[in-house]
Amino acid sequence: MSEANFIGTQGKSERAVIIGGGIGGLLTAKVLSEYYSEVVIVDKDDFPEKPKNRSGTPQAFQPHRLTPRGSMIMNRLFPRFNDDLLAQGAPSSLNKTSHLSNPFGSLSMPNSENEATFSRALLEWVFRERVKGIPNVRFLLKQDVVGLLTNPERTIVTAISIRDRGLRQQKTLTADLVLDCSGRFSKLVTWLQDLGYAVPEPDILKVSLGYSTRHYQIPSYLAEKWDVIRVDGNPAKKEFTGVFSIVENNRAEVLLWNAGGSYPSTNVQTFEQTVAQLADPLIAEIIQELEPLTSPRGYRISELYRHHFEEMEQWPSGLLVLGDAFCNFDPIYGLGMTMAAVEVDMLEHCLSEQRTNPKPDFELRVLQRFQAVVEPAWWLNCVSDQQWSGVEYVGRPLEGIEFTQKYFNLFLQEATMKRNFEQFLLYWGVNSLLVSPREMINQQMIHSILDDASITNKQWFTEFLQKSGRTLEEYLDQLPSFSEASFAPFPPES
């Protein structure tokens, strides 16, 4: 957005076009509707009238869940959307049990929040119904985006070229801002290269991860007891992770996950054998009482990437990108929708600043801010996934991975074995991006954990620091500070 196409403190620019009508696109539309006279969401699908999986979201069959951070932002944009989910039959987590198992033991705790648990299709439908009610937002469906159109100098994106999937007619849709929310299969890099832009190589995490999920009908007496059961496998043993959760229509979802090329089967017999072999038997025991509704369905991701568009010598004005098209994550950690919400939150902040104090190179500054807010999520994703053999990272140097892997496992071990719920919730809050990793990774906290650690673990940390040639304080200073990222207040505000 250049100064020329961003109107003063009270006015609005003419048209913003959003490529992709998924969760990120819908959240973006809500924000842009306050700054543009017209917002057009362009999508290749024909959206269903009722909650239903669509071809443009092949991952929708797999479980989805919001983190508290994502929920906070979404609730600000769409107030009381949780009530809409509950009204559509999504079960509440209130007073139900969460059972979380890891290689060091397990913890069970009651859920005190009235949070809806839902399918991806239902959440998307609820948000889409809200967006349909915004007068200056419209949908343009069954359209393939062919490319970007610019001014003669190729410095400003002025339109997109689209092709109707039914009629195969191609036409132009002009825009003051084009925002790519088309997900991990975005064609933005190709479009930029076609325009003559040199695009930096992304950071790539070669994860070779696989999911397999089966749906079951669950009786009411079980649905009223359980919220979520998660059994984390041990990376050193290549164990599968299993997750049990409940969504609308008394449907239970059972997921198996692994990384490094060890894929869970979609064969019914093999799938249930693998569930029975999980480190904690609870999920296997429960599904004995359930009626299968589907065969297992798989989903695989070969690699994750983090683009660095902010490093480009030139970036066209009138163009932005967010969500999985910018940086994508391993879905098992539930950060995809959360990070899209965090980026949309930052976009809104940047738009507000630009309205009151216009400056040149708006889009490039937004991309820099996006990079800062995705840094902790990407770093944590790399910390977790690189514990699995067969996972490889190729990109800009990442500091502190080995140290943090060892420390996080020790932190989790201490919290689990001592049933320290406060410590466990801090671990969970960091890994769900509610609070900064620095709330765990600081001298005081590390010394506190090491004080109670075994002689073997203490020796590992001592030898690690000796090899690095630094004191703990000096070593921690080399790790990312995440100071430009955004988190919820910690400790939480009352």
Leading residue by the ranking (farthest from Lys50 (Cα to Cα)) among those in the range 90-107 that are touching a residue at least 40 places away in the same chain (Cβ under 8 Å), in a loop (DSSP other than H, G, I, E, B) and open to solvent by 40 Å² or more (accessible area, probe 1.4 Å)
Phe104
For the range 335-356, indicate whether the set of residues that are at pLDDT 95 or above, surrounded by fewer than 22 Cβ atoms within 10 Å (Cβ to Cβ) and within 16 Å of Arg184 (Cα to Cα) is non-empty.
no
Which one of Ile449, Ile455 is crowded, with 17+ Cβ neighbours inside 10 Å, more than 20 Å from the chain's Cα centre (by Cα), farther than 30 Å from Val344 by Cα and β-branched (Val, Ile, Thr)?
Ile449
Just one listed residue, out of Pro264, Pro316, Pro235, is of a type outside the set (Phe, Trp, Tyr), within 30 Å of Gln368 (Cα to Cα) and surrounded by 21 or more Cβ atoms within 10 Å (Cβ to Cβ), and it is Pro316
Pairing a residue in the range 189-209 that is under 20 Å from Ile301 (Cα atoms) with any residue that is aliphatic (A, V, I, L, M) and open to solvent by 30 Å² or more (accessible area, probe 1.4 Å), where Cβ atoms lie under 9 Å and the two sit 6 or more apart in sequence or on different chains, gives Glu201/Val394; Pro202/Val189; Asp203/Val394; Asp203/Leu398; Ile204/Val394; Leu205/Val394; Lys206/Val394
Checked pairs for the range 59-79, first among the hydroxyl-bearing types (Ser, Thr, Tyr), second assigned to a helix (DSSP H, G or I) and open to solvent by less than 40 Å² (accessible area, probe 1.4 Å), C-beta under 9 Å and 6 or more apart or across chains, list as Thr67/Met337; Thr67/Thr338; Ser71/Phe81; Ser71/Asn82; Ser71/Thr338; Ser71/Ala341
By residue number, the members of the range 116-167 that are open to solvent by 40 Å² or more (accessible area, probe 1.4 Å) and assigned to a loop (DSSP other than H, G, I, E, B) are Gly133, Pro135, Leu141, Lys142, Pro152, Glu153, Arg154, Thr155, Arg165, Gly166, Leu167
What number goes with the only condition from (1) of a type in the set (A, V, I, L, M); (2) surrounded by fewer than 12 Cβ atoms within 10 Å (Cβ to Cβ); (3) in contact (Cβ under 8 Å) with a residue 24 or more places away in the chain that Met440 does not pass?
(2)
Subset of the range 372-387 (residues that are touching a strand residue (DSSP E or B) at 6+ places or on another chain (Cβ under 8 Å) and open to solvent by 10 Å² or more (accessible area, probe 1.4 Å))
Gln386
Subset of the range 393-408 [outside any helix (DSSP H, G or I) and not aliphatic (A, V, I, L, M)]
Tyr393, Gly395, Arg396, Pro397, Glu399, Gly400
Any pair with Cβ under 8 angstrom, 6 or more apart, that starts in the range 153-164 at a residue that is more than 12 Å from Ile19 (Cα to Cα) and ends at one that is of a type in the set (S, T, N, Q) and in a loop (DSSP other than H, G, I, E, B)
Thr155/Gln314; Ile156/Ser2; Thr158/Asn151; Arg163/Gln169
If you check every pair at least six apart or on different chains, which have Cβ atoms under 7 Å apart with a residue in the range 39-54 that is under 20 Å from Val17 (Cβ atoms) first and a residue that is open to solvent by 70 Å² or more (accessible area, probe 1.4 Å) and not in a loop (DSSP other than H, G, I, E, B) second?
Val40/Arg138
Taking the range 24-66 and keeping residues in contact with a helix residue (DSSP H, G or I) (Cβ under 6 Å, 6 or more places away or on another chain), buried (at least 21 other Cβ atoms within 10 Å of the Cβ) and under 19 Å from Glu248 (Cα atoms) leaves Pro51, His64
Here is a check on your reading of the model: is Gly183 part of a loop (DSSP other than H, G, I, E, B), of a type outside the set (Ser, Thr, Tyr) and under 25 Å from the mean Cα position of the chain (by Cα)?
yes
Going by what's in this entry, would Glu113 be described as part of a helix (DSSP H, G or I), farther than 21 Å from Asp180 by Cβ, open to solvent by 60 Å² or more (accessible area, probe 1.4 Å) and of a type in the set (D, E, K, R)?
no
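The values are calculated or read from the model by the stated rules, or taken from the named source; none is laboratory data. Predicted, not measured: the structure shown is a model, and the values here were computed from it. All Cβ positions, glycine included, derive from the backbone under ideal geometry; neighbour counts span all protein chains shown. Keep in mind that these areas ignore ligands, DNA and RNA; they rest on the heavy atoms of the full protein, side chains included. Shrake-Rupley method; radii C 1.70, N 1.55, O 1.52, S 1.80 Å.
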